[in-house]
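The values are calculated or read from the model by the stated rules, or taken from the named source; none is laboratory data. This structure is a prediction, so every number in the text was calculated from the model and none was measured. Quick reminder, even Gly has a Cβ in these numbers, built from the backbone with ideal geometry, and neighbours come from all protein chains shown.
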There are 2 protein chains.
Amino acid sequence: MKMEAFTVDDIPLIKPGDDIAAIICEHAVLEDGDVLVIASTIIAKAENELFSLDNINPSAQAIAIGRKDDKDPRLVQAVLDRCSECFVESPVMLVQSDRAHVCINAGVDDSNVENDLLADLPRDGDASARSIGESVEEITGCRIAVVVTDTNGRAFRLGQTGVAIGLYHAAPIYHWKGTKDLFGYEMQISEEAVADEVAAAANLLMGEGSGGNPVVVVRGIPLFTEEKTSARQLYRPDNMDLIKKALRISKKS
Amino acid sequence: MKMEAFTVDDIPLIKPGDDIAAIICEHAVLEDGDVLVIASTIIAKAENELFSLDNINPSAQAIAIGRKDDKDPRLVQAVLDRCSECFVESPVMLVQSDRAHVCINAGVDDSNVENDLLADLPRDGDASARSIGESVEEITGCRIAVVVTDTNGRAFRLGQTGVAIGLYHAAPIYHWKGTKDLFGYEMQISEEAVADEVAAAANLLMGEGSGGNPVVVVRGIPLFTEEKTSARQLYRPDNMDLIKKALRISKKS
């Protein structure tokens, strides 16, 4: 079994209103079953999900957190405005973002955006993935999957990895439950987060900084599915989340 | 930029005492800079890190946890014997394993092992990676990197992904700190856990169950480094770990 992943080269700097699907199709030759992996930052830019700190009036809470974290209180206010729950305020803000996953700073990104603007996460990663995927399929005639990615820190481990925050015809998880292992026992490890693994693989090629490659094609793995899928299938339900439970108890104590 | 990953096919079932390096070299043609990604299970088997539940006498604590978790109390005892700290006892045992990372059940694996034996994690993943890597380099004359993997659950997200628990000449993390983004600002996201991303990419091809491919070659990314590296560089230091802190407070309350 073999997998390939390659960058779609020479993607121009994306501006609000740009047609990402058309731009990708100009720069890549796709095949049936390909997985298009797209960094959420360029989607946020194309969708004009940018904002300035200039018009933000920080609350007393934001000013207090900003002082503790040595952070611009307007940025803190922007994060508070974009989350339904703040699990940790200091030394970093770990929150449940309104738009997607549990992450630092509600996914607000002040790198790789021009004119002192900050980028939000896409409003709905699945909708962005679907819109781009359908356009690419129309242009190319190929059936493809799309994974929109963000980078995310992890519990217990250092560094960030790519994760999926939007899916189109891409399986989120393989279920091994009930399948037999090599000796006929029932598998214990039952769920593999394949969409996140694809996001991680693509992130190896995306890079950061000025060498950024925001679009990667992954070929050779059976991620494509006819089913309608969502990145929300990767998010642990609140009542099954032991870590959230501990963070809430810890915050109250 | 392009990356390839492919399985090393026809690896036989590994038995205690088997020479994994020699077996890999019989079944793969390697190149300078390749990354050999190896599932920890076959290393544990080759190193005879297997044990039976038969001789384990569960303590009162293990019996109590086993009752709550509907789990064999001897397995619970085996997990307790293999961890320095148990963060969560129920409904799953989340522990700091003695041998490697924070994980469920201290990495004890009862799938894909014969004769009712369970597999431990390798005693020292880095040492295993180095031993195999040096032998492969001697046989092939190529300079290669090795990543030993386990699969691991995540906070806030469902499913497991591949992670690195042993490294040989493989960079654990790329540091983007101080590099400039496309617009000359200093990068905020400063560390990419590349070894874990490689483990995740390879895990897409490894599969689970009876289709398991325990060895994958990743080619085309600059993971190889002359430096001595360790998977421990991926583990968050205890005093910087907000999640561990919350779990400890939660457990006491």
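If you check A:ALA170, A:ALA200, A:ALA155, which single one turns out to be within 7 Å of another protein chain (Cβ to nearest Cβ), in contact with a helix residue (DSSP H, G or I) (Cβ under 6 Å, 6 or more places away or on another chain) and modelled with pLDDT of 95 or more? Show your work before the answer.
Values: A:ALA170 fails: within 7 Å of another protein chain (Cβ to nearest Cβ); A:ALA155 fails: modelled with pLDDT of 95 or more.
Among A:ALA170, A:ALA200, A:ALA155, only A:ALA200 is within 7 Å of another protein chain (Cβ to nearest Cβ), in contact with a helix residue (DSSP H, G or I) (Cβ under 6 Å, 6 or more places away or on another chain) and modelled with pLDDT of 95 or more.
State whether the residues of the stretch B:83-96 include one that is under 25 Å from A:ASN239 (Cα atoms), under 14 Å from the mean Cα position of the chain (by Cα) and at pLDDT below 95.
Taking the stretch B:83-96 and keeping what is under 25 Å from A:ASN239 (Cα atoms), we get B:85-96.
Restricting the remaining residues to those that are under 14 Å from the mean Cα position of the chain (by Cα) gives B:96.
From what's left, at pLDDT below 95: none.
No, the stretch B:83-96 contains no residue that is under 25 Å from A:ASN239 (Cα atoms), under 14 Å from the mean Cα position of the chain (by Cα) and at pLDDT below 95.
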>> Is it the case, given these coordinates, that B:VAL8 is modelled with pLDDT of 95 or more, in contact with a Gly (Cβ under 9 Å, 6 or more places away or on another chain) and crowded, with 21+ Cβ neighbours inside 10 Å?
In response: no
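Hey, any hits in the stretch A:80-95 for a residue that's part of a strand (DSSP E or B), in contact with a Phe, Trp or Tyr (Cβ under 8 Å, 6 or more places away or on another chain) and among the β-branched types (Val, Ile, Thr)? Steps first, answer last, please.
Let us first name the residues in the stretch A:80-95 that are part of a strand (DSSP E or B), namely A:83-88, A:94-95.
So of that shortlist, the ones also in contact with a Phe, Trp or Tyr (Cβ under 8 Å, 6 or more places away or on another chain) come out as A:94-95.
Still in the running and among the β-branched types (Val, Ile, Thr): A:95.
The answer is yes; a qualifying residue exists.
For the stretch B:220-230, how many residues meet the condition of being more than 10 Å from chain A (Cβ to nearest Cβ) and touching a residue at least 60 places away in the same chain (Cβ under 8 Å)? Talk me through it step by step, then tell me what you get.
In the first step, residues of the stretch B:220-230 are kept if they are more than 10 Å from chain A (Cβ to nearest Cβ); the result is B:224-230.
Pick out the ones that are also touching a residue at least 60 places away in the same chain (Cβ under 8 Å) and you get B:224-225, B:229-230.
Number satisfying all stated conditions: 4.
I'd like to check something: does the stretch B:144-152 contain any residue that is closer than 28 Å to B:ALA22 by Cβ, more than 9 Å from chain A (Cβ to nearest Cβ) and without any contact (Cβ under 8 Å) to a residue 60 or more places away in the chain?
Filtering the stretch B:144-152 down to residues closer than 28 Å to B:ALA22 by Cβ leaves B:144-151.
In the following step, the residues that additionally are more than 9 Å from chain A (Cβ to nearest Cβ) were identified as B:144-150.
Within this subset, residues satisfying the condition of being without any contact (Cβ under 8 Å) to a residue 60 or more places away in the chain are none.
No, that holds for no residue.
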> Restricting attention to the stretch A:175-190, does a residue exist that is at the interface with chain B (Cβ under 9 Å from one of its Cβ atoms) and modelled with pLDDT of 95 or more?
Replying inline: no
>> So B:PRO12 ticks every box in (1) in contact (Cβ under 8 Å) with a residue 24 or more places away in the chain; (2) farther than 20 Å from B:GLY220 by Cα; (3) within 14 Å of chain A (Cβ to nearest Cβ); (4) not acidic (Asp, Glu) but one. Which box is left unticked?
In response: (1)
> Restricting attention to the stretch A:44-86, which residues are in contact with a strand residue (DSSP E or B) (Cβ under 7 Å, 6 or more places away or on another chain) and of a type in the set (Lys, Arg)?
Replying inline: A:LYS45, A:ARG82
> Pick from the stretch A:102-116 the residues that are on the phi > 0 side of the Ramachandran plot and modelled with pLDDT of 75 or more: which of them is farthest from the other protein chains (Cβ to nearest Cβ)?
Replying inline: A:ALA106
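So that you can scan it fast, the table gives a plain yes or no per residue for (1) surrounded by 16 or more Cβ atoms within 10 Å (Cβ to Cβ); (2) touching a Gly at 6+ places or on another chain (Cβ under 6 Å); (3) outside the structural domain of B:ALA127 (by TED's automatic domain parsing):
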residue	(1), (2), (3)
B:LYS15	no, no, no
B:ASP19	no, no, no
B:CYS25	yes, no, no
B:ASP32	no, no, no
B:ILE38	yes, no, no
B:ILE43	yes, no, no
B:GLN61	no, no, yes
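Yes or no: the stretch B:41-49 includes at least one residue that is over 18 Å from the mean Cα position of the chain (by Cα) and over 30 Å from A:VAL217 (Cβ atoms). Spell out how you get there, then give the answer.
At the first step, the residues of the stretch B:41-49 found to be over 18 Å from the mean Cα position of the chain (by Cα) are none.
No.
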